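See structure below.
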Amino acid sequence: MNSIEKQLLNEPKRIAQNVITAVILLIFIMWSLTAVDLSNFTSNGLAIAKNILLGIVTPNTDLLFTFNTNGVPYLLVETMAIAFLGTIVGAILAVPLAFLSASNIVPKPIAFLVRLFLILIRTIPAIVYGLMFIRVTGPGPFAGVLTMALTSIGMLSKLFVDVIEDLEVNILESLESIGCTPFEKIRYGIIPQLSAMFMSIVIYRYDMNLRDAAILGLVGAGGIGAPLIFAMNGYKWSEVGSILIGLMVLILIVELISNKIRNKLVRGY
């Protein structure tokens, strides 16, 4: 018997723990199934699902290839712009908040208070922020940009903190030992360590914001979501198909490009 087999045999069995975990999971699954209600699942719903699929197969090509303000290409560009600007603004605001919530940079009480503030930001869904900003600024892309920026702050700050707390402090100590100023330590010791990871995180968040921006359009915050809900309410399934096709193509292209850029930044290839 080799050492690996001996090690496996010496591992604690944990049979009781595994059984208890399985029972708890089964209870949660059964409890969750009680929320499933099939009483409203009628033939009318199946017909609507069929019409949506037919709309995707036979889209309105005029809408899909029209380049005015009512066409799918313009609405997709507007959605991209909302997500992009919201991500950039959120990233700029998230950087100082991330440093203020990093316990290896600032005192722990300050880091705790800032983290608590960021948790409060993350608890509110994006669609709720969208509804609030629409009341403030009125419906339109600007409300979508503000919503994207605010919802991005919470997630970006959290991920930025994880990167900041993994900094190689030995580099900073070496720079301090040779008499570098705080600005020089930031310029040559911190930024080179953080820039690639920060950019990768921002690109990942933009990918998420692109989907959220489409959803925010449903409440009037600009982008392609509003025409989508209007087309669905009007049972214009060919228009729905055109919008969904455009959205799927856009998200697929952006995801492929963002994955390549992130791999280049983080892994170097």
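The values are calculated or read from the model by the stated rules, or taken from the named source; none is laboratory data. In this text, all values refer to a predicted model and were calculated from it rather than measured experimentally. When we count neighbours, we look across all protein chains shown, and the Cβ atoms used for this are built from the backbone with ideal geometry, even at glycine. Accessible surface is based on the protein model in full, side chains and every heavy atom, while ligands, DNA and RNA are left aside. Shrake-Rupley method; radii C 1.70, N 1.55, O 1.52, S 1.80 Å.
Table: residues versus (1) in contact with a Phe, Trp or Tyr (Cβ under 8 Å, 6 or more places away or on another chain); (2) more than 22 Å from LEU247 (Cα to Cα); (3) modelled with pLDDT of 85 or more.
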position: ILE110; (1), (2), (3): no, yes, yes
position: ILE127; (1), (2), (3): no, no, no
position: ILE191; (1), (2), (3): no, yes, no
position: PHE198; (1), (2), (3): yes, yes, yes
Worksheet item: Of all residues in the range 143-192, how many are touching a helix residue (DSSP H, G or I) at 6+ places or on another chain (Cβ under 8 Å) and in contact (Cβ under 8 Å) with a residue 24 or more places away in the chain?
Response: 23
Worksheet item: Among the residues of the range 204-220, is there at least one that is of a type outside the set (Phe, Trp, Tyr) and out of contact with any helix residue (DSSP H, G or I) (no Cβ under 7 Å at 6 or more places or on another chain)?
Response: yes
Item to complete: Could you grab the pairs with beta carbons closer than 7 Å, sequence gap of 6+ or different chains, first residue in the range 87-108 and under 29 Å from GLY144 (Cα atoms), second one open to solvent by 50 Å² or more (accessible area, probe 1.4 Å) and in a helix (DSSP H, G or I)?
Response: LEU100/ILE110; SER101/ARG115
Discussion item. Among the residues in the range 144-156, are any aliphatic (A, V, I, L, M) and either open to solvent by 80 Å² or more (accessible area, probe 1.4 Å) or at positive phi (or both)?
Written reply: no
Discussion item. Consider the range 228-255. How many of its residues are more than 22 Å from MET208 (Cβ to Cβ), in contact (Cβ under 8 Å) with a residue 40 or more places away in the chain and either β-branched (Val, Ile, Thr) or open to solvent by less than 60 Å² (accessible area, probe 1.4 Å) (or both)?
Written reply: 6
Worksheet item: Does ILE201 satisfy the criteria of being in contact (Cβ under 8 Å) with a residue 12 or more places away in the chain, more than 28 Å from PRO96 (Cβ to Cβ), buried (at least 21 other Cβ atoms within 10 Å of the Cβ) and not charged (D, E, K, R)?
Response: no
Worksheet, complete the sentence: Apart from one, (1) part of a helix (DSSP H, G or I); (2) open to solvent by 90 Å² or more (accessible area, probe 1.4 Å) all hold for ASP37; the odd one out is (1)
Practice prompt. Report, by residue number, each residue of the range 71-94 that is crowded, with 17+ Cβ neighbours inside 10 Å and either among the β-branched types (Val, Ile, Thr) or under 18 Å from LEU118 (Cα atoms) (or both).
Written response: VAL72, THR79, ILE82, GLY86, THR87, VAL89, GLY90, ALA91, ALA94
Discussion item. I'm trying to understand the selection: among the residues of the range 135-190, which are over 30 Å from ASN209 (Cα atoms), assigned to a loop (DSSP other than H, G, I, E, B) and of a type outside the set (Asp, Glu)?
Written reply: ILE178, GLY179, CYS180, THR181
Worksheet item: Has the range 65-80 got any residue that is in a helix (DSSP H, G or I), charged (D, E, K, R) and in contact (Cβ under 8 Å) with a residue 60 or more places away in the chain?
Response: yes
